[in-house]
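Taking it in order: structure first as structure tokens, then the write-up.
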Number of protein chains: 2
Amino acid sequence: MAICYQSPIKPITIPQSKALTNPKLSFRCNLSLPSRSNPLTISEPEPVYASVKAFAPATIANLGPGFDFLGCAVDGLGDFVSLSLDPNVQPGEVSISEISGDNANRLSKSPLWNCAGIAAIEVMKMLGIRSVGLSLSLEKGLPLGSGLGSSAASAAAAAVAVNELFGGKLGVKELVMAGLKSEEKVSGYHADNVAPAIMGGFVLIQNYEPVELIPLRFPEEKDLFFVLTTPEFEAPTKKMRAALPAEIGMPHHVWNSSQGGALVAGVLLGDLIILGKALSSDKVVEPRRAPLIPGMEAVKKAAIEAGAFGCTISGAGPTAVAVIDDEKKGAEIGEEMVKAFLKEGNLKAVANVHRLDRIGARLISGIPR
Amino acid sequence: MAICYQSPIKPITIPQSKALTNPKLSFRCNLSLPSRSNPLTISEPEPVYASVKAFAPATIANLGPGFDFLGCAVDGLGDFVSLSLDPNVQPGEVSISEISGDNANRLSKSPLWNCAGIAAIEVMKMLGIRSVGLSLSLEKGLPLGSGLGSSAASAAAAAVAVNELFGGKLGVKELVMAGLKSEEKVSGYHADNVAPAIMGGFVLIQNYEPVELIPLRFPEEKDLFFVLTTPEFEAPTKKMRAALPAEIGMPHHVWNSSQGGALVAGVLLGDLIILGKALSSDKVVEPRRAPLIPGMEAVKKAAIEAGAFGCTISGAGPTAVAVIDDEKKGAEIGEEMVKAFLKEGNLKAVANVHRLDRIGARLISGIPR
């Protein structure tokens, strides 16, 4: 019997009585329990579910001057991880039974080399799981290498799935650290995708040693939409990284720092004019990377001319992200961005308008033991 | 007859009836009127007062990772400008009649080379004053070269005094631009002192072309105190500027940008832990400048050990600034900072605890015509 809450896709209904027997189910999975400073010292928890399904959203990292320290989650787009207790799997281990979705065949089924697998193992270690084995199925809703935090979404969904299966003992910070282990192995030691994928909203990474995360709450009463325009183009990851300058002149450092500060202010004040200007203002990374994505500069110009508050590259690209406060206007902006990709970059592209995801990774359903 | 409001020093009482005849007097001078996009097109305003006295607070610029783009105002410490219509002064011009206070003899009485004079002239130009001349008296409450925005306080007080004398036609942005003209001439084209000196609170400078200022409101219900510890030492201004690195490596750029963002978040959220950590975290400027101020590194350490949330150099020094949420605790921290300056830097120092000034430059008193 499935128990459902906060499904981004399709709600699964359950008998009222069952839902009421476990009052904790109404809480957000990733904030339902306090963080423990040393989870390794806790005794091995019993599984609460026989199986669970978790979802984690797409994320936009870098955010112009927020390079490598600021990211946010995007509603209605992400990855799913299903997890079940499996007596055929070695106790304390994870086996990946299935990967579905676009380009699933490009992903490793070895849990040691799969984002979801690595994060799942890490959470099991943190919880001290030694008595049961888990079978994991990954459903990719996100395209690979699109700049939308595909690896982070898989890791976040897996981390939350394992944690919830064992009663949600770990707090947000541990889950981010588990996701970070995965990111480190597959795409670099940065938490600006995996932290918002787990926590939702905007998250600022203040420190890695120890991990310190600042959730930045965009005011509930205000609308924020992202126009995500993804061209049919694989961003050259190595070139994207190599394009980064090793040194930044003081004037550009001060400029970008001030814009990073303004971006934070724009988010917390819910001021899209400030936020948009800051988003568009990067003088350090975007000017190096944009030329590597055909048409990107024209796409940004088209978005702004069509009324977007701001526009930049999402993650390391090739997706372009524009911000707006109105869904219909967002669709119009998206059309102009698609046209610009075709005209100036000779690339077909698809645009979609998404809200900010304020929840982050969450349990979708669970079958009690 | 003197009219008084918001005096930081000593209130001057006036007959009730007089105060009531001018209801505008109860508004804050610097926010009482909207900004005009082109002040040069307005007709020459009539003076509202025969003379006025204005005050502008000390300011802390740089603020660790907020280097060159973030500053805040400090309560109960600042400069005064008295201004009167003077038929002996050439119409459209300003004459400086007196400069009092510490080191007053080091300041030029030529209005073209005095911070207050330059700002006053600039505001007169903006207002199109051609028919009357003004006599200006400057009372320095701030020591020169202490890192507390001495030049900005003079400029801000003068700008507000002139504006108010003519009925407060200009808005905040024009006043900041007038102050910026002064700063440009005497200490460099940066608004991170003069903007908070005029606007109060914390101010982020997002842009100079055109000037874009973001007031960052520290929550009213929370306490914020600055422990300002000034040693008997003249910071070597040229060396301080020369110590700045021309280039910053990418890791330090990302680090400082993230801390700048965290600092903004700390202010807006009223979270002194986040704010203090960010304030203390500068890896770009402070490590180069601190060694030029004897004992500074030990002073910072002493402040943190004594319970400060964070500590850094105020402006270009030599004042050290620590933050705390309790006045008494602030005094204790100050004692430790003074001891450290003496022990490690062989410098006598004075510590004072001040609140955040949330108002900025203001009219203290005015004698109607």
Exercise. Looking at the stretch B:191-201, is at least one residue touching a helix residue (DSSP H, G or I) at 6+ places or on another chain (Cβ under 9 Å) and surrounded by fewer than 18 Cβ atoms within 10 Å (Cβ to Cβ)?
Worked result: no
Seminar exercise, completed: Within the stretch A:232-276, residues part of a helix (DSSP H, G or I), open to solvent by 20 Å² or more (accessible area, probe 1.4 Å), in contact (Cβ under 8 Å) with a residue 24 or more places away in the chain and more than 9 Å from chain B (Cβ to nearest Cβ) come out as A:THR237, A:LYS239, A:ARG241, A:ILE273
For this session: Those residues that are touching a Pro at 6+ places or on another chain (Cβ under 9 Å), among the small types (Gly, Ala, Ser) and open to solvent by 10 Å² or more (accessible area, probe 1.4 Å), I need them from the stretch B:116-140; list them, please.
Result: B:GLY128, B:SER131
For this session: Using the structure shown, decide if B:LEU170 is farther than 17 Å from B:VAL52 by Cα and of a type outside the set (S, T, N, Q).
Result: no
Exercise. Assuming A:VAL52 fulfils every condition listed in (1) open to solvent by less than 30 Å² (accessible area, probe 1.4 Å); (2) in a strand (DSSP E or B); (3) closer than 13 Å to A:LYS140 by Cα apart from one, which condition is it?
Worked result: (3)
Seminar exercise, completed: The lone condition A:ALA58 fails out of (1) open to solvent by less than 10 Å² (accessible area, probe 1.4 Å); (2) touching a His at 6+ places or on another chain (Cβ under 6 Å) is (2)
Exercise. Quick one: is A:PRO294 farther than 30 Å from A:MET250 by Cβ, open to solvent by 20 Å² or more (accessible area, probe 1.4 Å) and in a loop (DSSP other than H, G, I, E, B)?
Worked result: yes
Problem set entry | Residue match in the stretch B:338-361 (condition: of a type in the set (Gly, Ala, Ser), assigned to a loop (DSSP other than H, G, I, E, B), touching a residue at least 24 places away in the same chain (Cβ under 8 Å) and under 30 Å from B:LEU244 (Cβ atoms)) | yes
Exercise. So which residues in the stretch A:78-127 are among the β-branched types (Val, Ile, Thr) and over 20 Å from the mean Cα position of the chain (by Cα)?
Worked result: A:VAL89, A:VAL94, A:ILE96
For this session: Kindly indicate which of A:LYS125, A:LYS109 is among the charged types (D, E, K, R) and modelled with pLDDT under 95.
Result: A:LYS109
Seminar exercise, completed: Restricting attention to the stretch A:70-114, the residues that are farther than 24 Å from A:GLY147 by Cα and hydrophobic (A, V, I, L, M, F, W, C) number exactly 5
Exercise. If we scan the stretch A:185-197, do we find a residue that is hydroxyl-bearing (Ser, Thr, Tyr) and closer than 27 Å to A:GLU98 by Cβ?
Worked result: yes
For this session: Evaluate the following for A:GLU212: is it within 19 Å of A:VAL323 (Cβ to Cβ), outside any helix (DSSP H, G or I), open to solvent by 10 Å² or more (accessible area, probe 1.4 Å) and charged (D, E, K, R)?
Result: no
For this session: Only residues that are in a helix (DSSP H, G or I) and buried (at least 24 other Cβ atoms within 10 Å of the Cβ): list them for the stretch A:315-337, please.
Result: A:GLY330, A:ILE333, A:GLY334, A:MET337
Seminar exercise, completed: Exception for B:THR312 within (1) under 22 Å from the mean Cα position of the chain (by Cα); (2) not in a strand (DSSP E or B) falls at (2)
Exercise. How about the stretch A:69-187: which strands (runs of 3 or more DSSP E) wholly inside it have at least 2 residues that are in contact (Cβ under 8 Å) with a residue 12 or more places away in the chain and β-branched (Val, Ile, Thr)?
Worked result: A:70-85, A:94-101
Exercise. Given (1) more than 14 Å from chain B (Cβ to nearest Cβ); (2) closer than 30 Å to A:VAL162 by Cα; (3) open to solvent by less than 40 Å² (accessible area, probe 1.4 Å), where does A:ILE205 come up short, assuming only one miss?
Worked result: (1)
Exercise. Is it true that A:SER146 is open to solvent by less than 10 Å² (accessible area, probe 1.4 Å), in the same structural domain as A:VAL74 (by TED's automatic domain parsing), out of contact with any helix residue (DSSP H, G or I) (no Cβ under 9 Å at 6 or more places or on another chain) and closer than 19 Å to A:ILE60 by Cα?
Worked result: yes
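The values are calculated or read from the model by the stated rules, or taken from the named source; none is laboratory data. Here the structure is a predicted model, which is why all the values come from computation and not from measurement. Glycine gets a Cβ as well: all are built from the backbone with ideal geometry, and neighbour counts include every protein chain shown. Accessible surface areas use protein heavy atoms only, side chains included; no ligands, DNA or RNA. Shrake-Rupley method; radii C 1.70, N 1.55, O 1.52, S 1.80 Å.
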